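One structure is given here, and the rest of the page talks about it.
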Amino acid sequence: MKTACAAVAIALLPLAALAQTVLGPSPTVPAIPADVDVFSLTLNQVRQYSAAENFEVLGHEYFKIPERSEWARAVGREGKEVGSGLSMVKVYDGIAYIGGYNSPPTLFGVLIADVRDPLNMKELAFIPCKANTRCPYVDIDPKRKLLVFGNDTFRDPRKGRQLTPEQMQAEAGWSFYDVSDPAKPRELAFLPTFKGGVVHGVTIDDRYLYGCAQLHENSFEILTIVDFKDPRQPRKQWEWHVPGQLPGETPEPRNRAGRDGKPQTLRCHISYAYNDKLYVAYRDAGMKIFDIKDRAKPRLLGTYDYTPPFTGGMLGATHTTLPIVVRPGEDPDLVVIADENYNCPASFGRVVDISDLRHPQVLSGEREPNFETLSTFRLPQVVDVTDGRGSFICPGEKNNTPFVTVANGIHTPTQDLRSPSLLMVTWYNNGLRAVDISNPFAPKFVGYYLSPKYASWENDDRRTREVGQDPTTNLIYITDGNGGGLTVLRYTGPIPATPPLPGAR
């Protein structure tokens, strides 16, 4: 007898039974003397005040460009200027496309830069966001020479998520640019979403945009697919949301409250499309996997939801759901999940077996898929410590608030282009980590890079945000959200020769 196609299937091990790998050691970063300006370091000083194993620093650039905000240029405030705070970075043929970051408020636009010479990186062009929005998330179709990025109004949780009157009227949505000449980007279209609304992670293929956007009043981001066969006339193809996201709806039982009794955060974050399947990170609603053979009528195949018993904290749990592609054209057996949790206790990475999706009964909708956690991984300094009352103790100055200043949670993993078993993972205050998942039951640390602590504003830690890789050189690029700009690295460590072990079933 057939069950509902929208499967919700989870295989969660008891907390004590989870195999946790600690990725160490814990590096020591040299202290920066009080008389040294961290936002004016030479390349040799960047190397001197950073820590690295199996990574070589080839270049660094603050991008102190004139398009930075007045705050970044130290206009109207005390203190020295900072560089550009940067977020998502995509690099092709030595050209970087980088979304500016807004916390601290340094750069509201997309920077296009020539990074072919790591010792002489320079701005080629700058595309400002729509007025009163930020645009940190970008993607590129290198064949069509097409740049896509989102414009959204940022609700700062440290300020009660309140919008200014100007932000409430801001044009939120997706921008499409022709970058056949990177120095002269040309706007093709703008697809609005919701005035004064939010959009978030975006990825594209050669025809479709997979994004998270607010489309309705009083809601967070929902999953959207946009058809840009003609990039001058993009159109929304499909939208989907978790029950409970829209006013008047009741959340499903697992999405009603966290272990602290507070409502869960139900919002789409980012998705990855591969081989006619879409892997979606949906914060406290977990991972959603869709069949998208028909982009106008995707079908939900399965859900992996681990909140509760785990916590998503202030931002919500599932940040990234990265399908591990081993052989082009084949469905993956594994997904690596990363949480973005500023709260205490800090989050971890998970390796999840999704091979059951290949079962004919699952694909036909006759039964629900079973997803299994193979391992979790964290860094040594974030192993949980509790006080006598059972409350977690974590590093940071503001543990009595919903925002812990030292961000020790995992952020964004990406597959290295040289081996399906090698991941480059940004870890906020803990920099960049190289992780070998050839044995997915026991992920292995194989390298790290911790930048100088470009600390500014209300942050007392580094904010290593995103990682990108140039397919033509295999160089690694990481961004800093505090105003530390862009760093170019060469990975010199071991490259796993074997693919990850196949699925457990």
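The values are calculated or read from the model by the stated rules, or taken from the named source; none is laboratory data. Source: prediction; values computed, not measured. Here the Cβ positions follow ideal geometry from the backbone for every residue, glycine too, while neighbour counts run over all protein chains shown.
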### Query
Residue check, His200 against (1) in contact with a Phe, Trp or Tyr (Cβ under 9 Å, 6 or more places away or on another chain); (2) on the phi > 0 side of the Ramachandran plot, all met but one. Which one?
(2)
## Note on the structure
Within the stretch 101-120, the residues that are assigned to a loop (DSSP other than H, G, I, E, B) and within 29 Å of Glu56 (Cα to Cα) are Tyr101, Asn102, Ser103, Pro104, Thr106, Leu107, Val115, Arg116, Asp117, Pro118, Leu119, Asn120
### Query
Given the residues Gly150, Gly59, Gly94, which is the only one that is in contact with a strand residue (DSSP E or B) (Cβ under 7 Å, 6 or more places away or on another chain) and surrounded by 24 or more Cβ atoms within 10 Å (Cβ to Cβ)?
Gly150
### Query
Tell me, which strands (runs of 3 or more DSSP E) wholly within the stretch 158-244 include 1 or more residues that are within 24 Å of Met287 (Cα to Cα) and under 23 Å from the mean Cα position of the chain (by Cα)?
173-178, 199-204, 208-213, 222-227, 235-240
#### Entry: Cross-chain or 6+ apart pairs with Cβ under 6 Å, the stretch 313-341 first and in contact (Cβ under 8 Å) with a residue 24 or more places away in the chain and on the phi > 0 side of the Ramachandran plot, then surrounded by 21 or more Cβ atoms within 10 Å (Cβ to Cβ) and not in a loop (DSSP other than H, G, I, E, B)
Gly316/Arg283
### Query
Just to be sure, is Pro380 within 16 Å of the chain's Cα centre (by Cα) and surrounded by fewer than 23 Cβ atoms within 10 Å (Cβ to Cβ)?
no
### Message
Restricting to the stretch 121-155, count the residues that are over 29 Å from Asn459 (Cα atoms) and assigned to a loop (DSSP other than H, G, I, E, B).
### Response
4
### Message
Let me confirm something: among Val352, Val326, which residue is surrounded by fewer than 21 Cβ atoms within 10 Å (Cβ to Cβ) and of a type in the set (Val, Ile, Thr)?
### Response
Val326
### Query
Pick from the stretch 433-467 the residues that are under 19 Å from Pro494 (Cα atoms) and small (Gly, Ala, Ser): which of them is nearest to the chain's Cα centre (by Cα)?
Ala434
### Query
Residues in the stretch 449-458: is at least one at pLDDT below 85 and not in a loop (DSSP other than H, G, I, E, B)?
no
### Tally, over the stretch 475-499, of residues that are in a loop (DSSP other than H, G, I, E, B) and either free of Cβ contacts under 8 Å to residues at least 60 places away in the same chain or surrounded by fewer than 23 Cβ atoms within 10 Å (Cβ to Cβ) (or both)
9
### Query
Here are Val110, Val75: which of them is under 21 Å from the mean Cα position of the chain (by Cα) and among the aliphatic types (A, V, I, L, M)?
Val110
